[in-house]
Structures are given as structure tokens and as C-alpha cells.
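In what follows, a structure is listed as C-alpha cells, so that the remarks can point back to it.
The values are calculated or read from the model by the stated rules, or taken from the named source; none is laboratory data. In this text, all values refer to a predicted model and were calculated from it rather than measured experimentally. So basically every Cβ, Gly included, is an ideal-geometry build from the backbone, and we count neighbours across all protein chains shown.
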Amino acid sequence: MTTSLLNLLRQHKPADANEADMTARTLAFVEANPTCFERSLLEGHITGSAWIISADDVPSEPQVLLIHHRKLDRWFQPGGHADGDPDVAAVAQREAEEETLLTDIRLVSPAIFDVDIHPIPAKGDVPAHLHYDIRFLFTANQAETLGGENREVKGLRWLSLGDAEQLANSESISRMIRKSRPALLKTLEAL
């Protein structure tokens with residue numbers, strides 16, 4: 001069940017030493033935990049996220065879609081729990097569709113775009129734990145109507161890469177922003 005993710009992690013090319021360390025730690029975590037896709041694994045679990053860039057802005061300055069996470073009160077890319085699904089790219093797409101209500105989100109590549117490990121604070125009877133987040137690059141049409149607030153999402157916004165970096169104020173988001181321009185060039189070459 002974990003073989004596909006292990007292969008993707010082994011093929012991933014981290015952007016810097018920090019991401020290389022998180023990729024190695026995620027690889028070790030997946031190898032050691034056959035139930036890594038279940039949120040019942042209280043020390044941590046695999047999550048899938050979608051880094052969504054506007055398809056209609058290529059090749060000009062792209063826009064990125066961020067959500068304001070209600071529970072954490074911060075701006076992030078859409079994503080969530082695998083809940084037993086080992087197809088993490090499908091998890092990322094499903095979560096993005098649920099959180100944004102966009103219907104035309106397209107996976108750019110089956111390769112991992114980014115790997116991040118971040119702590120999640122304790123809440124109720126759920127202890128503090130780690131999310132081993134596997135991120136994939138997607139495109140979507142910025143003209144499509146975004147969903148509204150819901151149980152998990154306080155707001156959604158298309159932002160320039162610079163505005164996204166300021167609003168999110170996160171090394172994780174900054175790293176994906178640094179990767180976005182080269183990724184867009186590769187996307188253009190494939191078209």
C-alpha cells in the first residue's frame with residue numbers, strides 16, 4: 001500500500017537542505033508505519049495538499065489559490081487527511097475540490113511538488129501530532145467561481161505569488177513560491 005508513495009518520495013528532488021531533511025524523515029516515517037495514511041496514527045500521518053496555480057495566467061505572473069484555514073487561523077494551500085487512501089495525489093485533488101468547490105482542477109504532474117512536515121496543535125481529545133504533507137502541483141481556471149466559507153475554510157483567495165508570500169508568512173509557502181516559476185516553464189514546454 002505504501003509502495004507507490006515510497007517510490008514518489010525516492011524520486012523527489014528537494015529544493016533545499018530543509019526540504020531534503022523533511023523528505024528523508026517522511027520516507028523513514030512511511031517505511032516504519034504501514035498505517036501512515038490513517039489519522040488514527042496519533043504521532044502523525046500522511047496528508048495531501050494541492051498547490052494550485054491559475055491556468056489562465058500562464059505565462060504572465062501566476063496567481064496561486066490559498067485558503068484561510070478556520071481551525072489554525074492561517075492561510076495555506078488546500079489539503080487534508082488521506083483517511084486510508086494511499087493515492088496521495090488523488091487525496092490532494094479531492095481535498096482541493098471539497099475546500100474550493102472548483103470543478104476543473106488539473107494535476108500538472110504525478111511527481112511530488114513539495115514535501116513538508118509541520119506540527120498540528122492538540123485539540124480536544126486529539127493530541128499534538130505531525131502532518132507529513134505531500135504536495136502536488138495543479139492548475140485551475142481563475143474565472144471559475146470559488147466556494148464560500150464552510151466548516152474548515154474561513155476564506156479563499158487568488159493571490160499573486162508576492163501577496164501569497166506576505167499573507168501566509170511561512171517558509172513552507174515561500175519554498176513553493178520559489179518553485180512555482182520553474183514549474184510553470186516546464187508546464188509551458190509540455191503544452
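Listed values, structure above:
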| read-out | value |
| --- | --- |
| E31 without any contact (Cβ under 8 Å) to a residue 60 or more places away in the chain and either surrounded by fewer than 14 Cβ atoms within 10 Å (Cβ to Cβ) or within 17 Å of the chain's Cα centre (by Cα) (or both) | yes |
| Residue selected from the stretch 59-87 under the condition farther than 17 Å from T139 by Cα and of a type in the set (A, V, I, L, M), by the criterion modelled with the lowest pLDDT | L72 |
| Number of the condition not met by A122 [criteria: (1) touching a His at 6+ places or on another chain (Cβ under 9 Å); (2) touching a residue at least 12 places away in the same chain (Cβ under 8 Å)] | (2) |
| In the stretch 44-58, residue surrounded by the most Cβ atoms within 10 Å (Cβ to Cβ) [restricted to those that are modelled with pLDDT of 95 or more and not β-branched (V, I, T)] | A50 |
| Residue within the stretch 163-179 that is surrounded by fewer than 12 Cβ atoms within 10 Å (Cβ to Cβ), part of a strand (DSSP E or B) and modelled with pLDDT under 90 present | no |
| Selected residue (only one of E61, E95 is buried (at least 20 other Cβ atoms within 10 Å of the Cβ), in contact (Cβ under 8 Å) with a residue 40 or more places away in the chain and not in a strand (DSSP E or B)) | E95 |
| First in the stretch 1-14 and more than 13 Å from E31 (Cβ to Cβ), second anywhere and aromatic (F, W, Y), Cβ under 9 Å, 6 or more apart | H12/F113 |
| Complete set of residues in the stretch 1-28 that are among the polar types (S, T, N, Q) and surrounded by fewer than 16 Cβ atoms within 10 Å (Cβ to Cβ) | T3, S4, N7, Q11, N18 |
| Which numbered condition D85 fails, given (1) part of a strand (DSSP E or B); (2) farther than 25 Å from N169 by Cβ; (3) among the acidic types (D, E) | (1) |
| Residue that is modelled with the lowest pLDDT, among those in the stretch 126-148 that are more than 21 Å from I46 (Cβ to Cβ) and surrounded by fewer than 12 Cβ atoms within 10 Å (Cβ to Cβ) | G148 |
| Residue in the stretch 111-125 that is surrounded by the fewest Cβ atoms within 10 Å (Cβ to Cβ), counting only those that are at pLDDT 95 or above and assigned to a loop (DSSP other than H, G, I, E, B) | A111 |
